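Take a look at the structure set out below.
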Amino acid sequence: MNFLKIFLIFFLISLFLTNCSKKEKVSTIVEEDVEQQMIRAFREGYEEFKAGDSLFAAQKFNEAELLFPQSEWAPKAALMAAYVYYAQDYYFDAEFELERFIKTYPKNPDLKYAHFLLAMCYYEKIVDEKKDLGPLLKAQEKFNFIVKEYPNSDYALDSQFKLDLIQDYLASKEMYIASHYRKKKKWIASINRYKTVVEQYEKTIYVEEALHRLVELYYTIGLENESQRYASLLGYNYQSSKWYEKSYKIFNKKYKSQVELKKEKKGMLNKFKRLFD
């Protein structure tokens with residue numbers, strides 16, 4: 001993740017607190033009293049965050065925002081509340097704060113960071129993509145939004161990287177289900193899942209195995225032309241792959257891989273040595 005924005009936030013906070021100390025010498029009126037309360041809440045939130053009490057820090061940042069919502073620092077306080085929740089893995093609370101920030105401050109210059117942090121909240125909640133696709137699909141949608149809306153930002157680069165990882169997650173789920181059907185001898189259902197991997201997740205690490213399984217399954221159900229078609233596709237793109245060797249062996253029963261030949265040689269050598277024991 002790109003933390004440049006986070007460092008910038010802390011720099012601005014430090015600058016803000018320094019400026020605040022200078023303003024304390026100005027004669028007070030009612031509006032300035034509210035501003036001083038906001039300054040105090042913001043400073044306490046910042047200090048509590050550094051001390052490790054994120055929950056109290058978030059409350060103080062929310063308090064600062066509410067005390068002086070017209071201040072240019074109100075949206076920064078809201079964003080800091082979201083970040084401290086995220087930093088301590090309180091993703092649901094962070095999501096709430098970020099969604100509120102996006103609705104409340106739609107023209108804020110930090111909006112793209114808010115979208116990115118929200119996407120990261122979804123992404124961090126991915127526990128088991130095979131059982132729950134919700135967080136993964138939400139993260140994918142938000143990262144795609146960032147790539148489309150802010151293509152020249154650092155967040156777009158990070159988002160694209162996360163999208164590639166999400167593709168692997170989704171392909172992994174398809175492979176898991178396809179394998180389950182294959183073990184149950186539900187050939188057509190298994191074929192459809194492997195075809196999904198080949199057609200929709202061709203850039204993932206699973207495509208080679210998926211092609212081999214299609215060769216294997218089509219051969220099993222007697223559709224040798226289809227089997228040979230996928231074997232040719234596998235050979236054309238991944239001829240050095242172990243999965244191509246496995247597919248080649250389906251049509252050439254006597255073919256032996258280098259690993260098998262080495263095992264045979266080793267076995268023959270052991271037999272020869274025993275003659276002299």
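The values are calculated or read from the model by the stated rules, or taken from the named source; none is laboratory data. What you are looking at is a predicted structure, and each value in this text was computed from that prediction instead of being measured. So basically every Cβ, Gly included, is an ideal-geometry build from the backbone, and we count neighbours across all protein chains shown.
Miscellaneous remarks
- Scanning region 98-142 for residues that are of a type in the set (Lys, Arg), under 17 Å from Lys76 (Cβ atoms) and in a loop (DSSP other than H, G, I, E, B) returns a single hit, Lys107.
- Those residues of region 174-221 which are in a loop (DSSP other than H, G, I, E, B), farther than 17 Å from Lys246 by Cα, in contact (Cβ under 8 Å) with a residue 12 or more places away in the chain and of a type outside the set (A, V, I, L, M, F, W, C), in sequence order: Tyr201, Lys203, Thr204
- When region 138-150 is limited to residues that are free of Cβ contacts under 8 Å to residues at least 24 places away in the same chain and either crowded, with 16+ Cβ neighbours inside 10 Å or within 15 Å of Asp164 (Cβ to Cβ) (or both), the one that is farthest from the chain's Cα centre (by Cα) turns out to be Val147.
Yes/no matrix, rows are residues, columns are (1) over 30 Å from the mean Cα position of the chain (by Cα); (2) loosely packed, with under 14 Cβ neighbours inside 10 Å:
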{"residue": "Asn152", "(1), (2)": "no, yes"}
{"residue": "Ala171", "(1), (2)": "no, no"}
{"residue": "Glu174", "(1), (2)": "no, no"}
{"residue": "Ala178", "(1), (2)": "no, no"}
{"residue": "Tyr181", "(1), (2)": "no, no"}
{"residue": "Arg193", "(1), (2)": "no, no"}
{"residue": "Glu209", "(1), (2)": "no, no"}
{"residue": "Arg213", "(1), (2)": "no, no"}
{"residue": "Ala231", "(1), (2)": "yes, no"}
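- Single condition Glu65 does not satisfy, out of (1) surrounded by 15 or more Cβ atoms within 10 Å (Cβ to Cβ); (2) in a loop (DSSP other than H, G, I, E, B); (3) at pLDDT below 85: (2)
- Selection status of Gln70, without any contact (Cβ under 8 Å) to a residue 24 or more places away in the chain, over 25 Å from Tyr123 (Cα atoms) and surrounded by fewer than 18 Cβ atoms within 10 Å (Cβ to Cβ): yes
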